[in-house]
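Taking it in order: structure first as structure tokens, then the write-up.
The values are calculated or read from the model by the stated rules, or taken from the named source; none is laboratory data. Predicted, not measured: the structure shown is a model, and the values here were computed from it. Positions of Cβ are generated from backbone atoms using ideal geometry, with glycine treated the same way; all protein chains shown enter the neighbour counts. When the accessible area is computed, the model is the full protein with side chains, heavy atoms only, and any ligands, DNA or RNA have been set aside. Shrake-Rupley method; radii C 1.70, N 1.55, O 1.52, S 1.80 Å.
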Amino acid sequence: MSETDTPADWWPRMSDAAANAEARRIIDDVYRPAPPPRPIPTSYRDDTEPPPIGDAAPVWQDDRRVVPAWAAGAAVASIGIGAGATGVGCGIWLVLKGFASMSVTGVACMAVLFSGIAFAALSIGAAFSRARRSVSKAVYTGPVTKNTHVTTHTKGAFARSHTHLHN
């Protein structure tokens, strides 16, 4: 194609009947109803039997987690700090409210302030005490052997059996 050619010079020529048939085919393809989409599966169940040798069926395992001592201590400390911060915030509010109106209510607010500070100090101290107490200091590096001996005594026709466990 040269620069002087027009699209009519290089475009293939069609008769009017062929152009109408091609246009009708394109329009029919565009507006033809599509088949409904298949539903997308949301689950799958494999009913095949597991092989006699190899992977076994899953076995239920109970959830028995052990919380480490530092995590329990952190939880107790965070509860104590949260309660203490709430007490201090309420105490500040009460002091300001008490200073605004010095009356019997104001004096009561001052008493509540000191009670809140004492509660916060006690809760933080108790939290740290419990956190420190839960840590074990014992470290065993050698083998541990446990010897258990069971003795059972039964005497007489109507007597009860007595079992003694000796460690």
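Worth a mention:
- Overall form of segment 39-94 per C-alpha gyration tensor (a/c, 1.5; a/b vs b/c): oblate
- Extension gain, L96-D55: 0.36 nm per intervening residue step, less the Cα-Cα distance, totals 7.7 nm.
- In range of the label at R130: residues from segment 73-93 whose backbone nitrogen is under 15 Å from the point 7 Å along Cα→Cβ: 73-84
- Entry comment: accessible area of segment 58-116 is 75 Å² per residue, from protein heavy atoms only and a probe of 1.4 Å.
- Where R130, R64, R25 fall by accessible area, highest first, once all protein chains stay in place (1.4 Å): R64, R130, R25
- Solvent exposure, largest accessible area first (probe 1.4 Å, DNA, RNA and ligands not counted), of C109, C90: C90, C109
- Cα-Cα pairs of segment 44-133 separated by more than 16 Å (percent): 69
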